[in-house]
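> Below is a structure I'd like to ask you about.
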Amino acid sequence: MNSSSWKGLNGSALPRRLARCWLGKDFREVRWLCGAPIPEAGPVLLVVSGRANFLHVVAVAATLTRPVRWVLPAGECRNLWRRWLAARLGVILHGSDAAARAVALREAREALERGEAVALFAQPETARSEALSPSCLEAAKLVVEAESGRAGGPGVVLLPLHLLSSYGATPVPELLITAGPPFETRALLGGASPEASTRTLAGELEDRLTDNPYRLQERDVQFFLADLEKVLRADLEEEWAEKPNWKQKTEGFAISRFIVECVEQLNALDPPRLIGLRIELENYQEELRKWSRHQAEVEAAGPWLHSGPRRTAYWLAALLGFPIALYGFLNHVVPLALLARRSFTRRLADRDPGEVWLLRALVVLGCYIVQVALSQSLWGRAAAGYYALSLPLSGAVLWRYSRLVKTRIRLLYLARILPHGAASLRQLRKSLLQHLNQVRDEFAEESLSVRSPGSGV
């Protein structure tokens, strides 16, 4: 697809409408937070902090009115629908080898020379590395080559973008986008050689990308590490408990310095991923609190909960008493509604606590009189008499049944589901630790590549 035909497609509303429809299945809303506006004219290079992600391409393209050419690995568009939508959004796909990447960057450079907007993904280097990030060097080289190929006009504007998914953290999943302060690249291209200008621009870009607004505060990172240490200790205790004659304890266990450095680097380089781990940890802690509370209630129930005949008797009482309790509930729907927490009569009773029970009795008695009068008009005096006798009896059964359900039946149910809750907690913990191990392994690979000879740029 040539440049002119792509402009016609991306300049129309159709590609953006398609992008919004496809984006709606993952995020209900895409919001731009406070940040610099995207220039509507002139060459612009958008640098998104993070790993390449086609969903982020769709999100940014759906919110911008200006066409943007994206540089993206072909692996992010595996199916025909993604490839079709990527072509309409002006995405420049490339293979995994260096030659294919170079061809895509050359096409992006030509777009910048024509004064178009181009976007790519980049990540700053780890703090322990003295070398510049290869992705930032690549973006800087793209700008230097585009500036050298432009005959005149405004210089390339470089604009960092930071994205954060709130999936799982808010009831309505959102994708948040923040634009960093843009800067003119020509002011940084006065080096003695193109290589020097490239390194200067790459260093400035890396500083801008490192200044991520979604990073956690140092206090929050320490809280996360402390909670993570508890999870790791619990996992070790469970693993050691399964081994016969294992006597080692977790007292004095401390999280490794390598994990601490990994979390700190993740907070600096990829905050959304750390936030995802933190949300996963908080969900696990919330489920653990619920399970622990239920376990404490079961343990404090008393010996009756461990007696088979008594448990059977309570289950039978709940089963046999249900029809009568249902009959009582249907007869007392109106008084229960009138005495509900936010009803007018309840608010009136709260003003004078001394007359609460008197008001409740009057409400119930008044409802009984109306119900008996209606039954007499429908079925006669004899049926109304029997019905009048059943009203207080069914009400007493309903009250007794509700007490049975809230105390005995609830505890029986909690005792039954506690093992399933423990298995669910174990699965949540294993999933969290699996994601943590993935981050740890990636960090280890990056650390080894930094320390290996010839890895610096």
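> Taking amide H positions as placed 1.01 Å from N in the peptide plane, with prolines and chain starts having none, which residues 5 or more places from A117, or on another chain, fall under 5 Å of its amide H?
Correct list: V44, R69.
> Is any residue of region 382-399 close enough, with backbone N under 12 Å, to a label point placed 7 angstrom from the Cα of Q376 along the Cα-Cβ axis, and if so, which?
What the label zone holds, given the 12 Å backbone N cut-off, is 382-386, 388.
> Separate question: Could you derive backbone 3J(HN,Hα) for region 65-74 from the dihedral phi with the Karplus parameters 6.51, -1.76 and 1.60 (θ = phi - 60°), listing whole Hz in sequence and x where the residue is Gly or Pro?
8, 8, x, 9, 8, 9, 9, 9, x, 5
> Something else now. Which whole-Hz couplings ³J(HN,Hα) result when phi for each residue of region 229-234 is put into the Karplus expression 6.51 cos²θ - 1.76 cosθ + 1.60, θ = phi - 60°, listed in order with x for Gly and Pro?
Each residue of region 229-234 in turn: 4, 5, 5, 5, 5, 5 Hz.
> Another question, if that's okay. Excluding G149 itself, what net charge comes from residues whose Cβ is under 9 Å from its Cβ, given Lys and Arg +1 and Asp and Glu -1?
-2
> OK, next. Please express the shape of region 216-457 as an equivalent ellipsoid: the semi-axes are the square roots of 5 times the eigenvalues of the C-alpha gyration tensor, given largest first in whole angstrom.
Rounded to whole Å, the semi-axes are 60, 24, 15.
> In whole Hz, with x marking every Gly and Pro, tabulate ³J(HN,Hα) for region 81-89 from phi via Karplus 6.51 cos²θ - 1.76 cosθ + 1.60, θ = phi - 60°.
Per-residue couplings from phi come out as 5, 5, 5, 5, 5, 4, 5, 6, 8 Hz.
> Okay, moving on. Neighbouring Cβ atoms within 10 Å as the yardstick, rank R82, R106 fewest first.
Going from least to most buried by this count: R106, R82.
> So if we plug the beta-carbon distance of L362 and R78 into 1/(1 + (r/R0)^6) with R0 = 56 Å, what FRET efficiency do we get, rounded to 0.05?
The calculated FRET efficiency here is 0.20.
> Separate question: Exposure proxy check: E242, E147 ranked by fewest other beta carbons within 10 Å?
Least crowded to most crowded, the residues run E242, E147.
> Sort L142, L236, L432, L201 so the one with the fewest other Cβ atoms within 10 Å of its own Cβ comes first.
L236, L432, L142, L201
> Let me ask another. Hey, can you grab everything whose amide H is under 5 Å from the amide H of V48? Only 5+ residues off in sequence or another chain; H modelled, so Pro and N-termini drop out.
Counting only residues 5 or more places away or on other chains, the set is L120, F121, A122, L161.
Throughout, read-outs are computed from the coordinates displayed, never taken from laboratory work. Since the structure is predicted, the reported quantities are computational estimates derived from the model, not experimental observations. Using ideal geometry, Cβ is built from the backbone for each residue, glycine included, and neighbour counts are taken over all protein chains shown.
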